[in-house]
1. Most exposed first by the Cβ proxy, i.e. fewest other Cβ within 10 Å, how do Val26, Val41, Val139 rank?
2. Which FRET efficiency value, to the nearest 0.05, do you get for Val134 and Ser56 by plugging their Cβ-Cβ distance into 1/(1 + (r/R0)^6) with R0 = 35 Å?
3. Work out the P(r) tail for region 2-185: percent of alpha carbon pairs separated by more than 26 Å, whole number.
4. Lysines near Lys83 by alpha-carbon distance under 26 Å, same-chain residues fewer than 8 away left out - which ones?
5. Full extension from Thr87 to Ser161: what is 0.36 nm times the residue separation minus their Cα-Cα distance, to one decimal in nm?
6. Mind sorting Lys39, Lys166, Lys24 by how few other Cβ atoms lie within 10 Å of their own Cβ, fewest first?
7. Test of understanding: extend the Cα→C-beta vector of Cys109 to 7 Å, then name every residue of region 143-181 with backbone N under 15 Å from that spot.
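FYI, it's all coordinate maths here, none of it is from the lab. Bear in mind that the values here come from a model prediction, so they are computed numbers and not experimental data. We place every Cβ from the backbone using ideal geometry, glycine too, and count neighbours over all the protein chains shown.
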Amino acid sequence: MTRACFLILLFLFPLNVIANSNEKFVLQILEPTGGKIEKPVSWFYEERHRSARSLSWVISKEEPTNGYETGLAIQLMVGIQDKTKMTPAQFVKNHLNAVAKAAISAKACEPESIGFFIRQCLELEEEKVVNGKVIQFHVLYSFFWNDDTDMVGVTVAGSPSDSWSKYQGIFERMSKIDLIDMDRFKE
């Protein structure tokens, strides 16, 4: 009976969730949009904006200046229709298809409404060359769009495949991102 209870609990509460339950999180504000994301206290945060139309942030386990293995890259692009002649929804569909074709294996999630945006994701395995060595990575791409505002957001959460289960709970928590604080931009 005790063994059966243990197996039921193990099924209901996977080890990766238990392993990450002690991780402490802090609210990180994404400037200049006022967006919000919970990040592990011990992880790094870096802004990498290219222009007012292409905002980028990195949250990573390792110091990100010279690259990182485990982390989340965030990008918000404005003016998609002007630049590409596609609606944000078309832009996302094209990129989802391109990413899926290049993947070793892929699993897509259905589009869902997340506040101001619609979100669709693609979880996959892909190979990357790191320091001249081919490493298998587990990656979760999430695309966010809103055709009314001509914006697309992309998050890319990843780690080496052999450590994905250790960080999966953290990435799931960080996927509850709020890219823009709309109250900040009300007139």
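1. Least crowded to most crowded, the residues run Val41, Val26, Val139.
2. Details: r = 26 Å, r/R0 = 0.74.
Efficiency for this residue pair is about 0.85.
3. Working: 5852 of 16836 pairs.
Value for region 2-185: 35 percent of Cα pairs lie more than 26 Å apart.
4. Excluding near neighbours in sequence, the set is Lys93, Lys101, Lys186.
5. 23.3 nm
6. Listing Lys39, Lys166, Lys24 from fewest to most nearby Cβ atoms yields Lys24, Lys166, Lys39.
7. Residues passing the 15 Å test: 143-145, 153-158, 168-179.
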